[in-house]
Amino acid sequence: MKKTLILIFFTFSISLSAQSNFKNFLKSSCPIKTWVVLHPFKAKKALKISLEANKVSDSVAKTNLLDGDASGGQVDAFRHAYWLARLHQEIGRGAARSLGKAHEKDNYLTFKKKELEDGVVPDKISSTMDLYNNEEGLKLIKRRSETSQESLLYKIVNAIRAGKMKIIKKDKEGNFLTSEGTKISLASLKGKWKNNKCLVASDKNK
């Protein structure tokens with residue numbers, strides 16, 4: 001009850017300009033709501049960073065810094081690494097990691113409902129990729145570091161180009177491949193949390 005009251009107070013204390021975004025944040029499933037209740041004084045900052053990470057990733061996708069693939073590719077890896085790095089910088093490693101894990105639990109519930117995340121139905125390999133890249137992002141910065149967002153951006157891009165993160169194996173046309181390099185039909189992936197997609201180092205798929 002005490003935490004609920006804190007959350008209610010926190011919700012009403014945020015600025016009007018952020019209320020609609022915060023309401024959307026709270027519309028997420030139970031794992032995200034639980035994180036908010038457990039971290040009431042970090043939630044507003046986490047929301048701001050989450051929106052920032054999406055915006056920066058969208059900008060990176062429009063450049064030639066990475067492969068432009070926001071669903072299983074380098075831009076996807078960038079988004080998660082940048083998100084967790086910035087969260088670590090602003091709210092600490094533990095809170096950042098737990099929010100990243102809550103997001104992946106949310107993705108599993110999204111799969112169960114057959115809803116979309118970033119335009120596609122999430123699956124286990126995507127979640128594994130995200131969690132791996134989350135951890136890599138956490139390593140790239142310390143809490144309260146004075147590293148600028150631009151410096152962090154290039155630090156992550158360089159790490160991805162060096163193969164330090166994970167992406168989903170695809171061919172030049174964007175088709176998913178097995179570990180042996182066999183094309184995976186989209187029909188065989190439908191409705192399956194576990195499938196035969198595989199992860200490769202982030203400097204592959206070139």
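The values are calculated or read from the model by the stated rules, or taken from the named source; none is laboratory data. Just so it is clear, the structure is predicted and the values come from calculations on it, not from any experiment. Because the Cβ atoms are built from the backbone with ideal geometry, glycine has one as well, and the counts that use them run over all protein chains shown.
The table for this structure:
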| item | result |
| --- | --- |
| Residue identified as out of contact with any strand residue (DSSP E or B) (no Cβ under 6 Å at 6 or more places or on another chain), at negative phi and not β-branched (Val, Ile, Thr) among 197, 166, 190 | 190 |
| Filter result for residue 75 (assigned to a helix (DSSP H, G or I) and under 19 Å from residue 197 (Cβ atoms)) | yes |
| Which listed residue is within 12 Å of the chain's Cα centre (by Cα) and surrounded by 16 or more Cβ atoms within 10 Å (Cβ to Cβ), from 79, 93 | 79 |
| Filter result for the condition that a residue is at negative phi, surrounded by fewer than 21 Cβ atoms within 10 Å (Cβ to Cβ) and within 11 Å of the chain's Cα centre (by Cα), over 145, 127, 98, 59 | 127 |
| Residues satisfying the stated conditions in the range 127-166, i.e. touching a residue at least 60 places away in the same chain (Cβ under 8 Å) and either among the hydroxyl-bearing types (Ser, Thr, Tyr) or in a loop (DSSP other than H, G, I, E, B) (or both) | 128, 132, 165 |
| Sole exception among (1) assigned to a helix (DSSP H, G or I); (2) surrounded by 18 or more Cβ atoms within 10 Å (Cβ to Cβ) for residue 66, by number | (1) |
| Residue in the range 174-193 that is at pLDDT 95 or above, acidic (Asp, Glu) and outside any helix (DSSP H, G or I) present | yes |
